[in-house]
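Contents: one structure, followed by commentary.
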């Protein structure tokens, strides 16, 4: 089964990427893999404090994931999987793609503010010629109706 890989983070544009991935998966008989990456700089504390912070980050990720997963199951009939990795986000995305041969498309949301599309979109666009899969960039300010129309 072909899976759409989408990144779960705290950005606003993440919502449209999730919607797009779920809608495309539902219409093509695919699946959704939701990847959340915990950056290493979040835990540069004493060992005990770092472990507590790591566990709290995982709990937040699971809670956030469940919101998206419920919507995907209820509205799109797609049961997503969650993968949590620690490290640099771009490196972890590429590692996930290499390790899961069913991933066929990477879906990223692009910020709509004047600062640019966001760090992941910027970094992965620079290396897009050497990526092992295509990726889709979903505008962060695209309406839900427009997403439904194009998927």
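Each peptide in 68-77, 1-10, 30-39 was scored by the mean count of other Cβ atoms within 10 Å over its residues; highest first, the order is 30-39, 1-10, 68-77.
Using the alpha-carbon centroid of each, what span in Å lies between region 47-106 and region 111-151? The distance from the Cα centre of region 47-106 to that of region 111-151 comes to 18 Å.
Read the figures in this text as sums done on the coordinates, not as results from a lab. Please read all numbers here as calculations on a predicted model, not as lab measurements. Counting neighbours? That spans all protein chains shown, and the Cβs are built from the backbone with ideal geometry, glycine included.
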